[in-house]
Amino acid sequence: MTTSPIERAAGSFAAELARQRTERGLSKKQLATLMGFDPSYVSHVEGRRHRPTEDFARRAEAVLEASGAIWQRFREYDELRHGRPTQPHRDHPAPGQWMPPGTGLIVERELATLTHTDEGYRCVIRRELYNAGTEPVTRYLVRVAVDRYPNDPGRSNRHHREHPLTFAELQLLSHRYDGGEPEPMHWRAKHDRDASKEIWLLFENDEGRFPLYPGDRVTIEYAYRVGREKWGPWFQRAVRLPTRYLAVRLDLPTDLDPQVWGVETTLSSEEGPLRRPISRHERGGRAIFDWATEDPPLNARYRLQWRFRSRPPESDPGGPAGGGQVRASDRMRGLGIVQRGADLLRQPSRQFGLPADEATARDVIGRLRSALVRLDELHPFSKGVGIAAPQLGLAWAAAVVRPPDRGAEPVILLNPRVVDASPDTDEQYEGCLSFFDHRGLVPRPLRIDVEHAHYDGSRIITSFEFAMARLVAHEIDHLEGRLYVDRMTPGVPLVPVEEYRETGNPWRY
């Protein structure tokens, strides 16, 4: 049976919708809930029994973050239905084909370069912008953030409080390129924090104003400097606007023997290695590392990290002196675990406002799950293991618990609270990632009922027993600003980990 071009286009839309949904691990019912549609409607569209509408396509594109693929299929169908074939410019695809009209600013191309200098680092960001919106654009927001010790948030926060980043040292310069000589752009501070700055680049200078009108393009470039005492070994790009092409370059001295790797995170996947390899070539005593991607999803983060193998690692003020034995807590600190004594571990965590904070919640959970993977490489944790957001320097009410059974899925806890507990208790030894040099005998209920949230804001009550009850209760204590030592019976001593004899043995019930 022959199908018409319109039917084939509608079928292509349905196939793209199903592919994007499946790749993100969503059922039709889950997608319908996120889009605000009845599940049967999504099923009918995928089954080609209903034709897609513009509203449906817009919402599917936004929810699935399909980098314009769903919207492109809808445009093809819609143009055939109305007899309006698109004639894209041979140098620039029609932006309306890629993202819905009214999207606003689109980054058609970004090149971010970080260069190691004698004084520190110089960063240059060059972006080709297109205004796909309906209003003129008069300013563009950029963010500069530093993190001297990314694997030790507590130490990094203290360092930047004592040595805050300043606008003066950034020496920020910004220009626009519009077919002629570069023109300077004025800028204005929006937020001024110890380790980050938010800055409006203004489409104006002493000569006048030059708004970016709907349908127009412009290239902007801004550059700044940061000293080595404030810049850690990482360079991250966050996708905050629809972006067609993103490229990152690191320019490092070859005599320091740099080793570079990268990780990426999106709303639909946890932190993992870059999907495309980083290339390297050498030029004039410099090692140049290049990486690029096309159509990155919104809110994705790409982080390049490095170490200089010819330079010994910096000593850790909290670590062993004079090359002595490395303590268990030093290994945890090296993985970015905030240690006992940090103020954050004694403060109640901030509740998520779900579903409005869903993106933040997914980001926090992604970081916690990634931390558990790193922890499992360091220690067996045969009893199971949990980690709470404050232990990574994140003041949010979130925790992840891996059960003793390694084949079981980790338990995600958002805004958890204990609503009921068994009167029957027992005492078992516990350890803590933030206090890993000791073990303590802690009484806990044998069963707890915990109310916690889903990403969509709905709440559920889950009952945990025995080992899982202990693990979950330990993490909820963290979110309330407590440590296990607060639960110990007065007078019961802590046991140094070197003397603890139960390592590797499960709790007894």
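The values are calculated or read from the model by the stated rules, or taken from the named source; none is laboratory data. In this text the structure is predicted, and so the values were computed from the model without any measurement. As a convention, Cβ positions derive from the backbone with ideal geometry for all residues, glycine included, and neighbour counts pool all protein chains shown. Calculation scope for accessible area: heavy atoms of the full protein, side chains included, ligands and nucleic acids excluded. Shrake-Rupley method; radii C 1.70, N 1.55, O 1.52, S 1.80 Å.
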Just how large is the dipole of segment 204-248 about the Cα centre, in debye to the nearest 20, putting +1 at every Lys and Arg Cβ and -1 at every Asp and Glu Cβ?
380
Using a 1.4 Å probe, how large is the accessible area of SER174, given in Å² and rounded to the nearest 10?
10
How large is the charge dipole for segment 343-389, taken about the Cα centre, if only the Cβ atoms of Lys, Arg (+1) and Asp, Glu (-1) carry charge, to the nearest 20 debye?
120
Looking at ALA238, PRO153, TYR224, which one has the Cα that reaches farthest to the positive end of the dipole of segment 146-260 (charges on Cβ: Lys, Arg +1; Asp, Glu -1)?
PRO153
Among all the aspartates and glutamates, which ones have a C-alpha under 14 Å from LYS29's C-alpha, if same-chain residues fewer than 8 places away are not counted?
ASP38, GLU46, ASP456
To the nearest 20 debye, what charge dipole does the chain have about its Cα centre, counting +1 at the Cβ of each Lys and Arg and -1 at the Cβ of each Asp and Glu?
520
Sorted from largest to smallest, which semi-axis lengths in Å does the alpha carbon gyration tensor of the chain give for its equivalent ellipsoid, taking the root of 5 times each eigenvalue?
44, 34, 19
Peptides ranked, highest mean first, by Cβ atoms within 10 Å: ranges 186-198, 388-400
388-400, 186-198
Just the accessible area for VAL260, please: 1.4 Å probe, Å², rounded to the nearest 10?
30
Using modelled amide H (1.01 Å from N, peptide plane; none on Pro or chain starts), what sits under 5 Å from the amide H of ARG244, excluding residues fewer than 5 places away?
VAL107, GLU108, ARG109
For segment 176-219, what log10 I(q)/I(0) values come out of the Debye formula at q = 0.34 1/Å, with one point per alpha carbon and no solvent?
-1.23
Place +1 on the Cβ of every Lys and Arg and -1 on the Cβ of every Asp and Glu in segment 356-410, take the dipole about the Cα centre, and give the residue among SER382, VAL401, ILE365 whose Cα lies farthest towards its positive end.
SER382
Centroid-to-centroid separation of segment 424-491 and segment 13-60 [C-alpha atoms, Å]:
40
By a straight-distance test (C-alpha under 29 Å), which lysines pair with LYS197 as possible cross-link partners, with residues fewer than eight away in the same chain excluded?
LYS230
Please report how far the C-alpha centroid of segment 109-187 lies from that of segment 330-397, rounded to the nearest whole angstrom.
28
Contour minus end-to-end for ARG286 and ARG374, with contour as 0.36 nm per residue of separation and end-to-end as the Cα-Cα distance?
28.5 nm
Calculate, for ARG508 and ILE460, the FRET efficiency according to 1/(1 + (r/R0)^6) with r their C-beta to C-beta distance and R0 51 Å; round to the nearest 0.05.
0.95
